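> Below are the structure tokens for one structure; questions will follow.
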Amino acid sequence: MMPAVMYDFSSSDIRLGVEAQNKHDLLDLLAGEAASRLQLPESEILDALATREELGSTALGKGVALPHAQLQEAERPVVLFARLRRAIEFDARDGEPVDLVVLFLWPKTATKALLGTMAEMCRVLREPTLLRKLRRAERPDEIAKLLNEQLAATALRHEPDEDFPV
């Protein structure tokens with residue numbers, strides 16, 4: 001049985017040219033966007049993201065970060081992609097500032113689905129060619145297509161419950 005892609009991006013999930021001075025500014029901006037989609041207080045989302053970042057940076061390296069949190073009141077997942085106008089410090093292990101961000105907010109009742117979806121995204125974002133294309137794309141629909149195609153191709157090569165450090 002083939003694993004299914006666990007998230008499908010649309011143009012409305014993509015933000016280009018995002019202005020943020022630092023990690024807190026970025027998380028605040030993304031929390032505001034997600035709050036309207038989830039009908040939850042922005043402060044609740046920001047607190048959950050900040051709490052997760054206190055455990056350790058969600059920067060993967062190579063200019064990529066995957067901030068994430070599980071929310072008790074969320075009824076559905078929200079995933080947003082943001083490309084920053086200027087890279088910001090994100091406490092990455094490789095020391096590189098971050099300019100590509102994928103935010104994951106997930107219902108607390110669906111931990112396994114969150115981990116599986118993030119594992120797929122981590123696999124996708126290891127591809128240097130894709131990272132170059134994501135940084136050069138001019139429109140949100142181009143990025144959504146790139147991510148969806150790569151997620152589909154990666155899902156075909158991996159078992160859905162394969163262990164993967166997130």
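The values are calculated or read from the model by the stated rules, or taken from the named source; none is laboratory data. Quick caveat: nothing in here was measured; it's all calculated off a predicted structure. Cβ placement follows ideal geometry from the backbone for every residue including glycine, while neighbour counts extend to all protein chains displayed. Please note that ligands, DNA and RNA were not included when accessible areas were found on the heavy atoms of the full protein model with its side chains. Shrake-Rupley method; radii C 1.70, N 1.55, O 1.52, S 1.80 Å.
> Determine, yes or no, whether ASP28 is among the charged types (D, E, K, R), under 19 Å from PRO140 (Cβ atoms) and in contact with a helix residue (DSSP H, G or I) (Cβ under 7 Å, 6 or more places away or on another chain).
Values: among the charged types (D, E, K, R): yes; under 19 Å from PRO140 (Cβ atoms): no; in contact with a helix residue (DSSP H, G or I) (Cβ under 7 Å, 6 or more places away or on another chain): yes.
No.
> Would you mind stating whether GLU73 is modelled with pLDDT of 95 or more and out of contact with any helix residue (DSSP H, G or I) (no Cβ under 6 Å at 6 or more places or on another chain)?
Details: modelled with pLDDT of 95 or more: no; out of contact with any helix residue (DSSP H, G or I) (no Cβ under 6 Å at 6 or more places or on another chain): yes.
Judged against the criteria, GLU73 is not a match.
> Determine the pairs where a residue that is hydroxyl-bearing (Ser, Thr, Tyr), located within the stretch 53-70, has a partner that is open to solvent by 20 Å² or more (accessible area, probe 1.4 Å) and part of a strand (DSSP E or B) with Cβ atoms under 8 Å apart, the partner being 6 or more residues away or on another chain.
Listed pairs, sorted by first residue: THR58/HIS68.
Yes or no, residue by residue, for (1) surrounded by fewer than 21 Cβ atoms within 10 Å (Cβ to Cβ); (2) among the charged types (D, E, K, R):
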site: GLU53; (1), (2): yes, yes
site: GLY61; (1), (2): yes, no
site: ALA69; (1), (2): no, no
site: GLU73; (1), (2): yes, yes
site: ALA92; (1), (2): yes, no
site: TRP106; (1), (2): no, no
site: PRO128; (1), (2): yes, no
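> Going by the conditions given, is GLY63 within 23 Å of ILE143 (Cα to Cα) and not β-branched (Val, Ile, Thr)?
Working: within 23 Å of ILE143 (Cα to Cα): yes; not β-branched (Val, Ile, Thr): yes.
Spelling it out, GLY63 is indeed within 23 Å of ILE143 (Cα to Cα) and not β-branched (Val, Ile, Thr).
> Any residue in the stretch 20-48 that's modelled with pLDDT of 95 or more: show its pairings with residues that are crowded, with 22+ Cβ neighbours inside 10 Å and of a type in the set (Phe, Trp, Tyr) at Cβ separation under 6 Å, as long as the two are six or more apart or on different chains.
The qualifying pairs are LYS23/PHE90.
> For the stretch 132-148, how many residues meet the condition of being open to solvent by 100 Å² or more (accessible area, probe 1.4 Å) and in a helix (DSSP H, G or I)? Outline the logic, then answer.
To start, the set of residues in the stretch 132-148 that are open to solvent by 100 Å² or more (accessible area, probe 1.4 Å) comprises 132-133, 136, 138-139, 145.
Retained after the next criterion (residues that are in a helix (DSSP H, G or I)): 132-133, 136, 145.
Going through the stretch 132-148 one residue at a time, the tally reaches 4.
> Here is a follow-up. Yes or no: LEU105 touching a helix residue (DSSP H, G or I) at 6+ places or on another chain (Cβ under 8 Å) and closer than 18 Å to ILE14 by Cβ?
yes
> Related question: Do you know which residues across the stretch 108-125 are surrounded by 14 or more Cβ atoms within 10 Å (Cβ to Cβ) and charged (D, E, K, R)? Give the derivation first.
First, the residues of the stretch 108-125 that are surrounded by 14 or more Cβ atoms within 10 Å (Cβ to Cβ): 110, 113-125.
Selection gives GLU120, ARG123.
> Before we move on, is LEU134 touching a Gly at 6+ places or on another chain (Cβ under 9 Å), among the aliphatic types (A, V, I, L, M) and modelled with pLDDT of 95 or more? Give the steps one after another, and end with the answer.
Values: touching a Gly at 6+ places or on another chain (Cβ under 9 Å): no; among the aliphatic types (A, V, I, L, M): yes; modelled with pLDDT of 95 or more: yes.
Considered against the rule, which asks whether it is touching a Gly at 6+ places or on another chain (Cβ under 9 Å), among the aliphatic types (A, V, I, L, M) and modelled with pLDDT of 95 or more, LEU134 comes out as no.
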